[in-house]
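Okay, so here's the structure we're looking at.
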Amino acid sequence: MPGHVANQRNVVFRDYHGLALAGFYQYGTVTWHALFRWLSLLFDTSHSWIIVMGDRFHSQQYLPTDALVMPGRYTLLDSGMLSFDWSPIEIKLTSAHARRLHLSSTRAKAIGNMNRFRSGKDKQCAMSAQELCWCGLQAAHMDSWTHPKEWKCKAHASPIVEDADRQAVYGRGHGYGPSAHAQSSPLPNMLLLREDLHSAWGEYEFGVDPDDGYRITAFVSGHDTIAGRVLRLDHIVDPTTRPLDQLLRDHFLQGLLKHVKGSGERHWDFRSGALDLSDGALWGTGEGKERLEVELEHRLFDHRSKQQQQRVSEFGSGCEERQSGVVIFSL
């Protein structure tokens with residue numbers, strides 16, 4: 001199998017029958033208040049529930065307070081007040097899954113992203129605050145532009161794009177165009193990270209919660225050096241280069257869906273960018289096909305963009321073409 005659920009949890013939540021509902025690795029930073037907020041996003045139920053330590057016969061109930069969640073096994077039960085020992089409850093998990101991200105980036109794009117950072121950023125990893133040489137840093141995206149439909153479904157005003165040319169693909173005036181400042185700068189969608197943290201960021205192993213003072217929260221083990229730190233943004237004066245809260249919030253949600261929900265999604269345990277399609281055991285799986293689709297969309301974007309720009313210039317003002325399901329409006 002190409003993946004596995006890696007990274008142990010030291011906090012686990014189950015129902016009365018032992019079914020895993022949620023879990024994460026506690027570094028001593030997650031409070032009950034934050035946890036209840038997480039679970040409200042991951043549970044698809046109209047029934048009220050409570051959390052107790054151990055089994056249903058434990059009388060201690062945990063409430064959304066600022067107290068830290070202690071490592072251990074917890075049980076979720078019905079909050080009915082007619083029974084002292086409470087009752088089992090069936091809790092359904094949200095059907096949403098974490099988005100797939102493309103596996104690789106071309107060297108030209110990587111260099112272009114770094115050049116944008118060099119024009120106005122210090123040489124610090126945003127998460128660890130370490131000052132490194134440029135060769136040890138990478139520009140990490142908070143959201144991939146390969147998911148425009150996801151943005152529309154989530155009611156975001158617009159995805160952050162890296163150049164105005166993408167309007168030739170997405171079209172003007174139907175919700176996929178860039179915001180006023182994002183058109184000229186991709187920086188609100190990017191963070192400067194160490195190479196090892198860039199990979200973990202792409203796998204949603206940790207995130208930044210703008211609703212918790214921009215605290216860095218790791219969902220899996222192995223991130224002791226950054227868990228609990230705060231992403232410092234006060235020094236960014238230009239609002240056009242400041243990471244957007246909605247992007248940070250959405251990336252954080254992907255981490256909850258992938259690593260906290262249920263038993264956690266399988267980790268893609270395969271070398272990034274290695275597309276040996278002869279390996280049917282790997283790429284023939286449903287997950288492999290999904291990842292290949294995202295990867296091809298990412299790699300073919302520039303080619304499609306140039307084709308669409310040519311069509312736009314050929315049709316001129318007032319013309320509209322429908323090609324491969326994409327509506328192209330003249331500029």
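The values are calculated or read from the model by the stated rules, or taken from the named source; none is laboratory data. Since we're looking at a predicted model, the values are computed, not measured. With ideal geometry, Cβ positions are generated from the backbone for all residues, glycine too; neighbour counts draw on all protein chains shown.
Points worth noting:
- Residue match in segment 205-216 (condition: surrounded by 14 or more Cβ atoms within 10 Å (Cβ to Cβ), free of Cβ contacts under 8 Å to residues at least 24 places away in the same chain, under 16 Å from residue 190 (Cβ atoms) and out of contact with any Gly (no Cβ under 6 Å at 6 or more places or on another chain)): no
- The residue of segment 185-237 that is farthest from residue 23 (Cα to Cα), among those that are assigned to a loop (DSSP other than H, G, I, E, B) and among the aliphatic types (A, V, I, L, M), is 237.
- Applying the condition of being among the polar types (S, T, N, Q) and over 16 Å from residue 20 (Cβ atoms) to segment 67-97 and asking which residue is modelled with the lowest pLDDT yields 83.
- Checking each residue in segment 11-45 for being touching a helix residue (DSSP H, G or I) at 6+ places or on another chain (Cβ under 7 Å) and not in a strand (DSSP E or B) picks out 34, 38, 41, 42.
- Test: residue in segment 53-66 that is over 17 Å from residue 260 (Cβ atoms), modelled with pLDDT under 80 and among the β-branched types (Val, Ile, Thr): no
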